[in-house]
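Asker: Here it is: the structure, laid out below.
The values are calculated or read from the model by the stated rules, or taken from the named source; none is laboratory data. Just so it is clear, the model here is predicted, and its values are computed rather than measured. Positions of Cβ are generated from backbone atoms using ideal geometry, with glycine treated the same way; all protein chains shown enter the neighbour counts. Surface areas here come from the heavy atoms of the whole protein model, side chains and all, with no ligands, DNA or RNA. Shrake-Rupley method; radii C 1.70, N 1.55, O 1.52, S 1.80 Å.
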There are 2 protein chains.
Amino acid sequence: MTDAALHIHPTGHDHAACVDEALETAETLCVERGARLTPLRRRVLELVWSSHRPVGAYDILGRLDGSARKPAPPTVYRALDFLIEHGLVHRIESMNAYLGCNHPEQSHTGQFLICRECGNVTEMDDDDVRQTLRRKAAERGFDARSQTVELVGLCATCRAG
Amino acid sequence: MTDAALHIHPTGHDHAACVDEALETAETLCVERGARLTPLRRRVLELVWSSHRPVGAYDILGRLDGSARKPAPPTVYRALDFLIEHGLVHRIESMNAYLGCNHPEQSHTGQFLICRECGNVTEMDDDDVRQTLRRKAAERGFDARSQTVELVGLCATCRAG
DNA sequence: GTATGGCCTGATACACTGTATCATACTACA
DNA sequence: TGTAGTATGATACAGTGTATCAGGCCATAC
Ligand SMILES: [Zn+2]
Ligand SMILES: [Zn+2]
Ligand SMILES: [Zn+2]
Ligand SMILES: [Zn+2]
């Protein structure tokens with residue numbers, strides 16, 4: 001599972017540490033909330049975190065295949081639903097794919113920066129942006145309850161390279 | 001979709017005028033640009049404009065059926081690609097559906113206010129929002145080239161009603 | 001200890017969304 | 001008229017997501 005293709009993040013950071021931290025945070029959070037991070041859900045979360053690029057549900061499904069049984073689509077989607085509900089994973093709407101969140105403490109919807117070159121996605125989670133959108137919508141009489149913000153462009157690394 | 005979402009609230013506006021204007025603007029624009037707004041593309045645009053709610057590709061496909069021949073999916077998707085390319089239609093990523101644009105003069109990507117009650121969607125196209133997002137992304141070294149902004153909430157009418 | 005109820009997973013089948021590919025028809029222009 | 005480019009028809013398939021029912025696991029109550 002240490003597929004090199006999954007670790008092409010150009011910053012050369014220690015991604016194993018990202019995964020470890022994400023899993024540990026998830027454990028802690030679920031204990032606090034009385035939510036059950038079952039082995040399956042934990043495994044799905046780990047697979048979502050296999051890189052900083054969004055992962056498709058069927059990619060996850062395929063990689064779960066290594067286990068004894070061959071799970072079916074609902075298995076993955078249910079696990080993803082759980083993880084999303086607890087803020088551990090975000091869905092990238094424009095890609096039909098899923099991305100791990102690295103600060104799931106408070107539930108939120110971030111803003112996503114999608115690099116069209118390397119495919120990496122980073123989350124902004126900027127409160128100014130959130131408030132600006134809320135206000136601009138309110139000026140038009142619209143009460144915004146959830147926000148989807150996804151920007152496509154070039155990340156710092158790919159601009160430099 | 002819930003029953004409520006299927007209900008178009010009675011804003012009482014003359015929607016036939018919306019459609020007429022949209023089609024006329026499209027005609028003009030395509031002539032200016034040397035683009036060919038063929039009967040099929042015009043019909044698809046008309047169907048997208050059948051309401052202020054995003055329309056699915058297969059909904060369009062179904063309604064095209066009234067014609068002599070029964071078109072296939074690629075027919076609709078190609079027409080939609082053309083319309084999107086010319087800014088006449090936007091794709092709502094979070095709904096896998098398509099919405100007519102009422103100011104397609106300059107190509108743009110707007111911000112969409114999606115009412116979860118009535119399903120109507122209005123476009124903001126606010127330059128402050130656009131610039132704020134560009135700037136915030138740039139602060140993180142990210143060069144944003146396109147933006148997807150979709151807010152879900154309650155429209156003015158549904159809040160009042 | 002057993003029963004009950006809730007939650008999690010397995011499994012089948014299907015619905016919805018979008019694309020690859022090749023063939024045919026139409027348009028514009030030389 | 002011939003030809004190149006564009007638009008549509010048609011078939012088949014790929015990718016994404018859900019409905020539904022059945023079985024398994026675990027905690028609490030009796
Ligand atoms: Zn990492
Ligand atoms: Zn990049
Ligand atoms: Zn209207
Ligand atoms: Zn509404």
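Asker: Convert each backbone phi in the stretch A:119-132 into a coupling constant with the Karplus relation 6.51 cos²θ - 1.76 cosθ + 1.60 (shift: θ = phi - 60°), then list the ³J(HN,Hα) values in order as whole Hz, x for Gly and Pro.
Answerer: Calculated HN-Hα couplings, in order: x, 5, 10, 10, 9, 8, 6, 9, 6, 4, 4, 4, 5, 4 Hz.
Asker: Amide H of B:MET124: which non-local residues (sequence gap of 5 or more, or other chain) have their own amide H closer than 5 Å, using H built in the peptide plane?
Answerer: Distant-sequence amide H within range of B:MET124: B:GLN111, B:PHE112, B:LEU113.
Asker: For the interface of A with B, what's the total buried accessible surface in square angstrom, probe 1.4 angstrom, rounded to the nearest hundred?
Answerer: Values: alone 9690 and 9820 Å², together 16540 Å².
Buried: approximately 3000 Å² between B and A.
Asker: While we're looking at this one, here's another question. Using a label position 7 Å from Cα in the Cα→Cβ direction, what is the ascending list of nm distances from B:ARG116 to the same site in the other copies?
Answerer: Here the equivalent label points are 3.1 nm apart from this one.
Asker: Ignoring ligands, DNA and RNA, what percent of the accessible area of the stretch A:114-161 is carbon or sulfur (1.4 Å)?
Answerer: Accessible surface attributable to carbon and sulfur in the stretch A:114-161 totals 42 percent.
Asker: At 7 Å along Cα-to-Cβ for each site, give me the label-to-label distance between A:GLU85 and B:ARG159 in nm.
Answerer: 3.0
Asker: So what is the 222 nm mean residue ellipticity for chain A from helices alone, if each DSSP H run of at least 4 adds -39500 (n - 2.57) and you divide by all residues, rounding to the nearest 500 deg cm²/dmol? Intermediate results must be reported in sequence, preceding the final value.
Answerer: Values: 6 runs with 68 residues, N = 161.
It lands at -13000 deg cm²/dmol.
Asker: Shifting gears a bit: Pairs of Cα atoms under 8 Å, at least six residues apart: use those to get the relative contact order of chain B, whole percent.
Answerer: Numbers: 195 pairs, mean separation 36.8, N = 161.
Normalised by residue count, the contact order of chain B is 23 percent.
Asker: Quick check: the angle from helix A:73-85's long axis to the longest principal axis of chain A, C-alpha only, nearest 10 degrees?
Answerer: 50
Asker: I've got another one for you. Can you list the copy-to-copy distances for B:THR25, using a point 7 angstrom from Cα toward Cβ, in nanometres, shortest first?
Answerer: List, nearest first: 4.3 nm.
Asker: Could you tell me which of rounded, prolate or oblate describes the stretch A:3-160, using a ≥ b ≥ c as the square roots of the eigenvalues of the alpha-carbon gyration tensor, with rounded for a/c under 1.5 and, failing that, prolate when a/b is larger than b/c and oblate otherwise?
Answerer: In terms of gyration-tensor shape, oblate.
Asker: Using modelled backbone amide H atoms (1.01 Å from N, in-plane), which distant-in-sequence or interchain residues come within less than 5 Å of B:ALA97's amide H?
Answerer: B:ILE92
Asker: May I ask you to report, in nm to one decimal and beginning with the shortest, the distances from B:ARG63 to the same position in the other copies, taking label points 7 Å along Cα-to-Cβ?
Answerer: 4.1
Asker: Nearest-5 percent of antiparallel DSSP beta bridges in chain A?
Answerer: So the antiparallel bridges amount to about 60 percent of the total.
Asker: Tell me, what is the per residue accessible area of chain B in Å², probe radius 1.4 Å?
Answerer: Heavy-atom accessible area per residue stands at 52 Å².
Asker: So who's got an amide H within less than 5 Å of the one on A:THR148, skipping anything under 5 residues away but keeping other chains? H placed 1.01 Å off N, in plane.
Answerer: Those qualifying (amide H under 5 Å, at least 5 residues apart or on another chain) are B:GLU150, B:LEU151, B:VAL152.
Asker: Please report Rg (one decimal) and Dmax (integer) in Å for the Cα set of the protein assembly as shown.
Answerer: Just the Cα atoms of the protein assembly as shown yield Rg and Dmax of 21.7, 63 Å.
Asker: I would also like to ask the following. Where in the stretch A:98-144 does accessible area fall by at least 30 Å² between the isolated chain and the complete protein assembly, at a 1.4 Å probe radius?
Answerer: Buried by 30 Å² or more upon assembly, which counts only protein chains, are A:LEU113, A:ARG116, A:MET124, A:ASP126, A:VAL129, A:THR132, A:LEU133, A:LYS136, A:ARG140, A:GLY141, A:PHE142, A:ASP143.
Asker: Relative contact order (percent) for the stretch A:20-114, with alpha-carbon contacts under 8 angstrom and 6 or more residues of separation?
Answerer: Numbers: 99 pairs, mean separation 26.3, N = 95.
Relative contact order of the stretch A:20-114: 28 percent.
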